[in-house]
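Take a look at the structure set out below.
The values are calculated or read from the model by the stated rules, or taken from the named source; none is laboratory data. No experiment lies behind these values; they were computed from the predicted model shown. Note that each Cβ is placed from the backbone with ideal geometry, even for glycine, and that neighbours are counted across all protein chains shown. Just so you know, the surface numbers come from the protein's heavy atoms only, side chains and all, with ligands and any DNA or RNA stripped out. Shrake-Rupley method; radii C 1.70, N 1.55, O 1.52, S 1.80 Å.
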Amino acid sequence: MNFDAFVKDIEDNKWKVYGAEVYENGKLLYSFGDTKGKYDIYSCTKSILSIALGIAWDRGLIDFDKNLFDYIPMDRLNISKEAKDTFSKLSLRRFMTMSVEGFPFRPVSDDYLKEAFETNIKNVDNPAFEYSNFSPYLVGVALHYALGEDLGLFIEENIFKAMEIEGYTYERCPGGYFYSASKMKLSVEDMSKIGNMLLNKGIYKDRRILSEEYINMATSVRQMNKEGGYGFYFWKYRDGFSINGKWKQKCYILPKKNLVITYLSDIKDKSHELLHSMETNILGISDNDKTVVKCPVSD
C-alpha cells in the first residue's frame, strides 16, 4: 500500500479532494486533508436511508414486499385510480433496488409526491435498473409512516447520535419530509465510521446499530446493471461494496481485506483517474485488472 503515492497523484493533478482515510481492521492507517469538515455527500444519502430501513426492518416495522400504500395514508395523497392501480403493483423492494422505470431523474416541482404519482411508469411487471431520486424519496416517505415518527429525527437518534456523529446537516422536501435521496453533509471521518460499522457486521463500539442479516441483504447484488450490480442503495464493488455520491464522494468497504477507504471530493467530470489512483496505490491493482465503477450523476 502506497498512500503517499495516492496523495501525490491528488496534489500533482490538482484534484479537488477534500480529505481521505484508509482503515484496516477498524484502525486508521492513513489520512489526508480535511477529514472532519462537513461536505456534500449527495447520493451517499441514499445509503444512510438504507441503514435506517435496516433498523426499521430489524424491529419488524416494515415489510419490503408491501407497497407504498400499505404505509403512506391515502388521505395524504391526491392521485388517480390509474396511478393507484399501477403503484399498488410495485413493492418497496422495487424502489429500493432502482428497478422502477419511468421516473424523471429528480423532482422539479413544489410537490414531490404529486409529481411522483403522476409519472407514467413503464414495464411494471419487469424490473429493470433505472437510477432516479424519486425511488428513494418515495421509500423515505413510506418509512416515515412505518416508523410513526419523522425519518430525519429517527436517523439523528438511531444512526448519528448512536455513532457519535455530530454537525451533520440534511434537507427536507417542500412537503416537509426528509429528503432521502441527497442534500446531506457529512465528513470523511463520519463516512468512515459508517463504513467501519458495516464492515464490523453492524456494530459500532460494542453497540449494535444494524443486523448482520440486513447488511448481507442490502449489500448483495439485488438488481444487475452495467456498473456491476446494485443492492438496497449500495453499489457492488469488486468483492465488496461501496457508497457513492455525485462528484466522487466514496466509501469503499472491502470485507475480505478488512479495509475501509473513504474520500470526499468535488470533481465535476466523468473521469476515473482518482479511482484508478486509489486502486493502483492503495489496493495494489494492476492496470490489467482495473474495474471501472461508474456512478450515475445524481444530486
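Structure summary
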{"quantity": "Carbon plus sulfur fraction of accessible area for the chain, probe 1.4 Å, in percent", "calculated": "43 percent"}
{"quantity": "Unit charges on C-beta of K, R, D, E only; dipole of the chain, Debye", "calculated": "300 debye"}
{"quantity": "Shape call, the chain: gyration tensor on alpha carbons, a/c limit 1.5", "calculated": "prolate"}
{"quantity": "The chain, accessible area per residue, ligands and nucleic acids excluded (1.4 Å, Å²)", "calculated": "43 Å²"}
{"quantity": "Local electrostatic count at residue 163 - Lys and Arg +1, Asp and Glu -1, tallied over other residues with Cβ under 13 Å", "calculated": "-2"}
{"quantity": "Ranked by how many other beta carbons lie within 10 Å on average, peptides 41-53, 159-171 from highest", "calculated": "41-53, 159-171"}
{"quantity": "Residues whose placed amide H lies under 5 Å from that of residue 18, excluding near-sequence neighbours", "calculated": "264, 265, 266"}
